[in-house]
Structures are given as C-alpha cells and as structure tokens.
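This report concerns only the one structure given below.
The values are calculated or read from the model by the stated rules, or taken from the named source; none is laboratory data. Because the structure is a prediction, the values reported are computed rather than measured. In this analysis, Cβ positions are derived from the backbone assuming ideal geometry, glycine residues included, and neighbour counts consider all displayed protein chains. Heavy atoms of the whole protein, side chains included, go into the accessibility calculation; ligands, DNA and RNA do not. Shrake-Rupley method; radii C 1.70, N 1.55, O 1.52, S 1.80 Å.
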Amino acid sequence: MGERGGQPERPSLHGAGAAAADAGAAAVNGLLLLHNGFHAPPAPPPQLSPQPPPPQHDSPAKKCRLRRRMDSGRRNRPPFPWFGMDIGGTLVKLVYFEPKDITAEEEQEEVENLKSIRKYLTSNTAYGKTGIRDVHLELKNLTMCGRTGNLHFIRFPSCALHRFIQMGSEKNFSSLHTTLCATGGGAFKFEEDFRMIADLQLHKLDELDCLIQGLLYVDSVGFNGKPECYYFENPTNPELCQKKPYCLDNPYPMLLVNMGSGVSILAVYSKDNYKRVTGTSFGNMMSKEKRESISKEDLARATLVTITNNIGSIARMCALNENIDRVVFVGNFLRINMVSMKLLAYAMDFWSKGQLKALFLEHEGYFGAVGALLELFKMNDDQ
C-alpha cells in the first residue's frame, strides 16, 4: 500500500495523456484495416481500477488469532484475585488489585467466589471492628501485568489475622488460589495456620527485598498524578513548617529507615544492592495492650518523642558513616503520626546544620505488601 491509507492510487495526468494517445492510434489502425478488407481485432477489455480487499475484522481466522493471543496473555498472568501481604508484628498490610477492564466474556465466566471477594473488598471501607481500607491511598487506573485497575490498601491488627484466615476458609479461597505471596515475620509465624485452616500455602518472601522493590515501584508510578515523596520545609520553625513534594527519580544512594514495631536502617545503592546497617526496638507503644497499661497521656507523648529522637539520631550517624545525604523514612509507625514526622524533620535538619533532609512517602507502611504483589507476577513468569 502507498501512503494514501490503503486507497488505490490514481494515474497521473501524464499517464492519462499517454493512454488517450494509445487509444487514438488504435482507432486509426482499425479504420485502415477495415479499408483494406480486414476485420479489426476485438477491443481489449476495459482495465478496472484495483479494489481494496474486503475487510477482515470479523473473519473467523482473525478471531482465532485474537483468541490465541488472549489465551497466551492469560497464561503469562496469575489467576485473579491478586493480593500481596506484609504480616508485621503489629499490623497486617494487604494490597489488592481490582481489575477495571473486565470483558463481558470474563464477567460471564467469573466464578461466584471471585465476584464475592471483589465485591466485599471494594464495597466496604471497614471490615469487622478493626479492618480498614485506606481509601485516600488508592492508586487508580494503574496498569499491572497487562491489566488496568485500581490498587487498594487494607490494614488490620496482626492479632486479628486468625479471623482473616477463617474468612478465607469460609469463602473457599483455596478454590481460586493455593499460594499467597507474603512477607514479614508473621509469614513464618502463621504459615501453619494458613495451611491447616484455609488450605493455603504461603510463598514467603524476604522482607527487605519486598520493601525496596515496593517502594521503587510505587514511587515510579506516582500517587495519582502527584509525587509520592515529600519533605517538610522550614522544619525548625513551627509557624513556617509546611509539606512540600520531592522528586525521587534518582534515589541512589539513600538511607532507608523502616519504622514499624521494630526499626531497620538500610543503605541502598541500587535496587539490587543494599545492606542493613543497623536497627532498634522501642515499638511497644504500638501495642494495644501496652497502651492500655499507660494511664498518663504525657508519658505516652514522652515515649513517642524519645523513640523518634533516638531513631533520628541513629539515622543521622548512619548517613554520615555511609556518606549518604538522602534519608527516607517509611513504615506504619509514621501513619497519622505528624508529631514524629516533624520531629524527624527537625532532628535531621538541626543536627546536620541543614545538610540532611528527612524524606517521607505517602504509602509509608504498604511497600512490603506491594513488593509481595510484584513477586506474584514474577512467580508466574518463571512458571
């Protein structure tokens, strides 16, 4: 085909003139032949312009090719539902991918168990007395493993995990999945419960690998058109202190401080090159039982400030030792904890004389679960 969108090309003016001249010559020759008593040869059939081939959009062959491509794509994807779990000492973090590009055929073939799970998770923002879906963190119109949908972020206390496992058994989750990707210490602690109660196997993943991979992925896709990373400008001045976006496109090297029930401090030089520098405990105040044993609010705040200052001090010393000037704080310790975030920002700025910034991320406690979900796709590719 030429550059005319598949339409047959028209002859040029020069070509039309040549055709007319040939036709005139043929007419003169015919008259001469008749005059000499000969019959003129039959005229050649008219030349028709070439016609474009009929459209093949609905041909059985094309449908068959499309179906084969779709089936191949399905083979390279894990079956729905898509989950990633981070089972920590205090909280379980769960990410769930909700497909929004379901075809009519898929809708018809989808089993009731899968419809029930999707409807339950996406129609509620609270599950029982303790489960919460962080609606404000939802990532929309995300493309994962060739599908488009929304990524949901759900959390509940680790002490309620048995109820989650029981729900999985009641909803016959094992008929859809036999393996769940999970990270965190609880992936080892509760492995037998998942197997015995819900007939589910846990694919246990390295906690720090999942943390880093999940963080890098979420930062790369952004937060619904906004940056994932931010810092506090003027942290030493309470009246002028304000939240500002920060570009983390070139994050290496960085010191990554993961603050959960415990604290791990990592020096990250690339997505595959990192080391755990040190860590601390001071996480008891996150425990409901420990909090109930404390009667004075001032004591709780003092404990919070002590923990935060200790973490900030250790992080700064690690940054100096590793010659790193970018320090990123993540973890559920920071969830709805503006006191600690501003204290960390203040401490890093003050002790470093303005040379170090404390950086934070919107999805602070969910990166391990996201990393586990990404591993689900890698498992399927390997198979």
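Tell me, what is the FRET efficiency for residue 276 and residue 201 to the nearest 0.05, using R0 = 30 angstrom and their Cβ-Cβ distance as r? Walk me through the numbers before you get to the answer.
Working: r = 28 Å, r/R0 = 0.92.
In this case the efficiency is close to 0.60.
Summarise the accessible area of region 116-214 (1.4 Å probe, protein heavy atoms) by the percent that is carbon and sulfur.
50
Which whole-number value in Å² is the accessible area per residue of region 112-161, probe 1.4 Å?
Result: 47 Å² of accessible area for each residue.
Contour minus end-to-end for residue 102 and residue 172, with contour as 0.36 nm per residue of separation and end-to-end as the Cα-Cα distance?
Full extension of this stretch gives 23.0 nm more.
Is any residue of region 344-382 close enough, with backbone N under 15 Å, to a label point placed 7 angstrom from the Cα of residue 136 along the Cα-Cβ axis, and if so, which?
Label zone hits: 361-365.
Plugging the Kirkwood radius over Cα pairs into Stokes-Einstein for region 292-354, at a temperature of 25 °C and a viscosity of 0.890 mPa s, what D comes out in µm²/s?
193
Between residue 234 and residue 163, what length comes free when the chain is fully extended (0.36 nm per residue of separation minus the Cα-Cα distance, one decimal in nm)? Could the numbers behind the result be given before it?
Numbers: separation 71, 0.36 × 71 = 25.56 nm, distance 4.50 nm.
The span from residue 234 to residue 163 would gain 21.1 nm if fully extended.
Just to check I understand the Karplus step: with θ = phi - 60° and J = 6.51 cos²θ - 1.76 cosθ + 1.60, what whole-Hz values come out for region 187-192, glycine and proline as x?
5, 8, 5, 9, 4, 5
Express in Å², to the nearest 10, the accessible area of residue 276 obtained by rolling a 1.4 Å probe over the protein heavy atoms while all chains stay in place.
Surface accessible to solvent at residue 276 totals approximately 130 Å².
Roll a 1.4 angstrom probe over the protein heavy atoms and tell me the percent of accessible area of region 311-383 that is carbon or sulfur.
Accessible surface attributable to carbon and sulfur in region 311-383 totals 48 percent.
Across region 215-222, in residue order, what do the Karplus-derived ³J(HN,Hα) couplings come to in whole Hz, using 6.51 cos²θ - 1.76 cosθ + 1.60 with θ = phi - 60° and x for Gly and Pro?
Working through the residues one at a time gives 4, 5, 5, 4, 5, 5, 8, x Hz.
Order 249, 325, most accessible first, counting only protein heavy atoms with a 1.4 angstrom probe.
249, 325
Fully extended, how many nm does the chain gain between residue 351 and residue 76 (0.36 nm per residue separation, minus their Cα-Cα distance)?
Residue separation times 0.36 nm, minus the Cα-Cα distance, leaves 93.9 nm.
Can you work out ³J(HN,Hα) from phi for every residue in region 117-124, in order, using Karplus 6.51 cos²θ - 1.76 cosθ + 1.60 and θ = phi - 60°, giving whole Hz and x for Gly and Pro?
5, 5, 5, 5, 6, 8, 8, 10
Would you mind checking which residues have amide H under 5 Å from residue 91's amide H? H placed 1.01 Å from N; only 5 or more apart, or other chain.
Close amide H contacts, sequence-distant or interchain: 158.
Pairs to check: 129/171; 342/378; 93/353; 119/357. Give those whose C-alpha atoms are more than 31 Å from each other in this structure.
Flagged as over cut-off: 342/378; 93/353; 119/357.
How much solvent-accessible surface does residue 246 expose, in Å² to the nearest 10, with a 1.4 Å probe and all protein chains in place?
60
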